[in-house]
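A short write-up of the structure that comes next.
The values are calculated or read from the model by the stated rules, or taken from the named source; none is laboratory data. Please read all numbers here as calculations on a predicted model, not as lab measurements. No Cβ is skipped: glycine too gets one built from the backbone with ideal geometry, and neighbour counts run over all protein chains shown. The accessibility values were calculated without ligands, DNA or RNA, using every heavy atom of the protein model including side chains. Shrake-Rupley method; radii C 1.70, N 1.55, O 1.52, S 1.80 Å.
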Amino acid sequence: MSSPPKVRLVIPCLNEVKQLEWSVETCRTFLRANFPYRWEVFVADNGSKDGTAELAAALAAKYPGEVGYFTIPERGRGRALRKAWLECDADIVAYTDVDLSTELEALTKLCRAIHEQGFDLGTGSRLLPESRIQRGIKREVISRCYNLFVKLVLFTHFSDAQCGFKAASRRAVDALVPQVAEQGLVFDTELLVLGEKQGFRIADIPVRWIDDDDSRVKIGSTAWEDIKGGWRLRK
């Protein structure tokens, strides 16, 4: 009988010293109590200047075998995920935003879809009818407009390119991630677009999602970067 797959759950971080310990502890508590597969929580610090890297090192030392980390000087969520996903032996890799806006229960659904149902990629979706979302009208409108833009410009079928909650099989990671040019926030979109165009199966999973009122993401500039990234993919 084969052993259960190993899953690496990555938390990309940029100056998140205030939230990181809570995030790691919450993930550990959930995974230890509920997760059906072998697991590791991995902090991918990229460009932090506030002590995030030192805190990540302390958490890894406190929980050997359960928590790992690296720190790189360059910023970029895509850059961090590329390194964290490619440089490991996990059978399934995933990531969540540090604020844990998406329910962790969705991680089990994504990983089961990959391991047990034969999907190659899994993405949380805030836009399916079954999804349960709490967020302000401004973010809602921008998110829906961006995802409509992706569908119209790139002719895709997945429902939510932006949700910060995704998983991938080792086969998909090894084949697709080296092709992704994006180093920042559009990494997710490019990964899904490449996967769909090359015939990889994508599981679209409805999630419960609660907006982080303390988020430091600049909505307008982020949306503009997303749009520019989408046009680059089209070209």
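Among Ile133, Ile92, Ile142, which is the only one that is farther than 20 Å from Val193 by Cβ and at pLDDT below 80?
Ile133
For region 60-82, which residues satisfy the criterion of being touching a Phe, Trp or Tyr at 6+ places or on another chain (Cβ under 7 Å) and part of a helix (DSSP H, G or I)?
Ala60, Arg77, Gly78, Leu81
I'd like the residue in region 170-214 that is part of a strand (DSSP E or B) and among the aliphatic types (A, V, I, L, M) and, out of all such residues, is modelled with the lowest pLDDT.
Result: Ile210.
Looking only at residues that are farther than 25 Å from Leu127 by Cβ and in contact with a Leu (Cβ under 8 Å, 6 or more places away or on another chain) in region 67-89, which one is modelled with the lowest pLDDT?
Looking at the filtered set, the residue picked out is Arg75.
Can you pull out every residue in region 163-190 that is open to solvent by less than 10 Å² (accessible area, probe 1.4 Å) and either of a type in the set (Phe, Trp, Tyr) or within 15 Å of Phe119 (Cα to Cα) (or both)?
Within region 163-190, Phe165, Lys166, Ala167, Ala168, Ala172, Val173, Leu176, Phe187 meet the criteria.
How many residues, within region 22-49, are surrounded by 14 or more Cβ atoms within 10 Å (Cβ to Cβ), without any contact (Cβ under 8 Å) to a residue 60 or more places away in the chain and assigned to a loop (DSSP other than H, G, I, E, B)?
Result for region 22-49: 2.
Out of the residues in region 86-97 meeting the condition of being touching a residue at least 24 places away in the same chain (Cβ under 8 Å) and open to solvent by 40 Å² or more (accessible area, probe 1.4 Å), tell me which one is nearest to the chain's Cα centre (by Cα).
Filtering region 86-97 for residues that are touching a residue at least 24 places away in the same chain (Cβ under 8 Å) and open to solvent by 40 Å² or more (accessible area, probe 1.4 Å), the one nearest to the chain's Cα centre (by Cα) comes out as Asp97.
Report the residue count in region 58-85 for those that are among the hydrophobic types (A, V, I, L, M, F, W, C) and open to solvent by 60 Å² or more (accessible area, probe 1.4 Å).
1
State all residues of region 1-21 that are under 23 Å from Gln183 (Cβ atoms) and assigned to a helix (DSSP H, G or I); if no residue qualifies, say none.
Leu20 - this is the single residue of region 1-21 that is under 23 Å from Gln183 (Cβ atoms) and assigned to a helix (DSSP H, G or I).
Given the conditions (1) farther than 28 Å from Lys197 by Cβ; (2) modelled with pLDDT under 95; (3) of a type outside the set (A, V, I, L, M, F, W, C); (4) more than 16 Å from the chain's Cα centre (by Cα), and given that Glu103 satisfies all but one, which numbered condition is not satisfied?
(4)
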